[in-house]
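The values are calculated or read from the model by the stated rules, or taken from the named source; none is laboratory data. Everything numeric here is computed off the predicted structure, so don't read it as measured data. Methodologically, a virtual Cβ is constructed for each residue, glycine included, from the backbone with ideal geometry; neighbour enumeration extends over all protein chains shown. Just the protein is used for accessible areas: all its heavy atoms, side chains included, with ligands, DNA and RNA removed. Shrake-Rupley method; radii C 1.70, N 1.55, O 1.52, S 1.80 Å.
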Amino acid sequence: MNLDDVPRMKFAHLPTPIEPMTALRESFGGPNLFVKRDDCTGLAGGGNKTRKLEYLMADAMAKKADTIITLGGIQSNHVRQTAAISAKLGFQCHVAVSNPINTDDQQYLTNGNVLLDHLLGAVVHRVPPEEETDKLVSRLEEDLKASGKNPYVIPIGGSNVLGSLGYVTCAREILAQAEEKKIDFDWIILPIASAGTLAGLAAGLRLTSAKTRVLGISAWKLQDELQDTLFELVEGVCDYLGHPCDLSPGDPSININYNFIGKGYGLPTKKGLSAIKRVATTEGILLDPVYTGKAMAGLISLIEENFFQPTDNVLFLHTGGSQGLYGYVNFLLPLFR
Ligand SMILES: *Cc1c(COP(=O)(O)O)cnc(C)c1O
């Protein structure tokens with residue numbers, strides 16, 4: 001299948017800008033730092049899930065669905081973007097949300113993305129501690145079918161082959177912007193969780209034979225849990241587009257760093273929080289405690305360890321998430337005291 005022939009709905013604000021992070025770069029003396037503003041894709045605050053949803057919602061339409069079901073953590077940005085596009089396109093939206101950090105902090109449970117999910121009209125189902133999210137999703141699907149609905153289930157993070165195509169498109173967009181700006185990006189660095197974003201980017205770069213390497217900073221899984229999922233997804237995307245890409249673990253074009261997860265998914269780290277503060281105060285850009293703060297902490301550490309050449313062009317993919325900041329207010333405030 002040719003990428004241009006895959007059904008896609010166009011609602012993202014594209015192309016997202018690529019901006020130099022001059023002040024941040026000056027604080028290190030190199031490499032050259034740029035940011036791709038995928039936090040500005042449009043859907044109720046935007047983020048990386050919006051590009052995936054352009055393909056997933058087209059598929060839901062083609063299947064004549066009337067209801068969308070998806071899942072994530074309570075502060076999921078994916079859930080919020082899905083709720084927003086469902087509202088706009090007139091789908092009922094059911095979301096199953098778990099408590100990945102096992103907290104009873106009221107801001108976390110009610111503010112940030114959750115507040116927005118409610119505002120956007122999603123039916124929010126809290127996953128009880130003793131139940132698995134996937135089971136709740138199956139139950140919702142069965143119940144909705146029994147009541148005569150035609151539900152469409154979007155997997156966690158929108159990370160299946162179709163969703164990942166959003167980032168094949170993004171790889172093309174980045175390469176076109178690079179050509180226009182006459183910058184060869186040596187690296188694209190981004191957070192990785194359910195892996196669709198990185199898989200799509202890596203496949204997209206491979207299919208265009210670009211030399212740019214991707215570096216994912218894991219925000220969720222360790223190597224044994226992530227690696228197979230990631231490479232199956234990359235292969236799935238390439239196969240779908242009719243060009244097997246023969247990427248396997250150890251390929252120098254795909255790098256994953258697992259050192260910045262901290263105590264676990266969704267749990268803020270000191271380094272992540274200080275990276276958020278540093279980028280806010282040097283660039284006026286808001287990162288988030290779950291993904292982009294940890295990825296930026298990784299970028300900063302790698303710069304300090306001289307991982308990059310001083311002349312390298314490094315593009316940080318800002319995948320969004322600042323709406324989650326409000327849910328994390330009680331974790332963030334101690335930083336300012
Ligand atoms: C979902 C998400 C990610 C991770 O993307 P995956 O495709 O799941 O790997 C990164 N950053 C933000 C802000 C997200 O919401």
- [ ] Would you check if Gly166 is under 28 Å from Val234 (Cα atoms) and in contact with a Leu (Cβ under 7 Å, 6 or more places away or on another chain)?
- [x] no
Open item on the list: Let me confirm something: among Lys52, Lys36, Lys63, which residue is more than 16 Å from the ligand (Cβ to nearest atom) and either open to solvent by less than 10 Å² (accessible area, probe 1.4 Å) or modelled with pLDDT of 95 or more (or both)?
Closed with: Lys63
TODO: Would you mind stating whether Gly242 is small (Gly, Ala, Ser), within 15 Å of the ligand (Cβ to nearest atom) and over 21 Å from Thr212 (Cβ atoms)?
DONE: no
TODO: Please give the helices (runs of 4 or more DSSP H) falling wholly within the range 9-116 in which 3 or more residues are in contact (Cβ under 8 Å) with a residue 12 or more places away in the chain.
DONE: 49-62, 77-89, 106-110
TODO: Please work out which one of (1) closer than 19 Å to Val161 by Cα; (2) open to solvent by 40 Å² or more (accessible area, probe 1.4 Å) is the condition Thr110 fails and give its number.
DONE: (1)
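This table checks each residue for (1) of a type outside the set (Lys, Arg); (2) open to solvent by 60 Å² or more (accessible area, probe 1.4 Å); (3) at pLDDT 95 or above; (4) within 24 Å of Asp288 (Cα to Cα).
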residue: Thr208; (1), (2), (3), (4): yes, yes, no, no
residue: Ile217; (1), (2), (3), (4): yes, no, yes, yes
residue: Trp220; (1), (2), (3), (4): yes, yes, yes, yes
residue: Leu226; (1), (2), (3), (4): yes, no, yes, yes
residue: Leu230; (1), (2), (3), (4): yes, no, yes, yes
TODO: Would you please list the contacts, defined by Cβ atoms under 8 Å and residues six or more apart or on different chains, that run from a residue in the range 243-266 that is over 27 Å from Asn2 (Cα atoms) to a residue that is loosely packed, with under 12 Cβ neighbours inside 10 Å?
DONE: Tyr258/Leu222; Ile261/Leu222
- [ ] Scan the range 270-297 for residues that are more than 16 Å from the chain's Cα centre (by Cα) and small (Gly, Ala, Ser) and jot them down.
- [x] Gly272, Ser274, Ala275, Ala280, Gly284, Ala297
Open item on the list: Going residue by residue through the range 189-199, is there one that turns out to be more than 19 Å from Asn48 (Cα to Cα) and modelled with pLDDT of 95 or more?
Closed with: no
Open item on the list: Show me the strands (runs of 3 or more DSSP E) entirely contained within the range 128-219 in which 1 or more residues are within 16 Å of the ligand (Cβ to nearest atom).
Closed with: 187-192, 213-218
Task: Evaluation of Pro252 against (1) more than 19 Å from His78 (Cα to Cα); (2) within 16 Å of the ligand (Cβ to nearest atom); (3) touching a strand residue (DSSP E or B) at 6+ places or on another chain (Cβ under 8 Å) (one fails), failing number - done: (2)
- [ ] Working only within the range 78-92, note down all residues that are in contact with a Ser or Thr (Cβ under 8 Å, 6 or more places away or on another chain) and either buried (at least 24 other Cβ atoms within 10 Å of the Cβ) or among the acidic types (Asp, Glu) (or both).
- [x] His78, Val79, Gln81, Thr82, Ile85
Open item on the list: What's the number of the only condition in (1) open to solvent by less than 70 Å² (accessible area, probe 1.4 Å); (2) farther than 22 Å from Lys52 by Cα; (3) of a type outside the set (Asp, Glu) that Pro252 fails to meet?
Closed with: (1)
Open item on the list: If I ask for residues that are open to solvent by 50 Å² or more (accessible area, probe 1.4 Å), touching a residue at least 12 places away in the same chain (Cβ under 8 Å) and not acidic (Asp, Glu), which ones from the range 302-315 would you list?
Closed with: Gln309, Pro310, Thr311
TODO: Please enumerate the residues belonging to the range 313-328 that are part of a strand (DSSP E or B) and under 13 Å from the mean Cα position of the chain (by Cα).
DONE: Phe316, Leu317
- [ ] Just one of (1) within 14 Å of the ligand (Cβ to nearest atom); (2) of a type in the set (D, E, K, R); (3) touching an Asp or Glu at 6+ places or on another chain (Cβ under 8 Å) trips up Asp312, so point out which.
- [x] (1)
Task: Selected residue (criterion: modelled with the lowest pLDDT) from residues of the range 269-301 that are of a type in the set (Ser, Thr, Tyr) and open to solvent by less than 30 Å² (accessible area, probe 1.4 Å) - done: Thr269
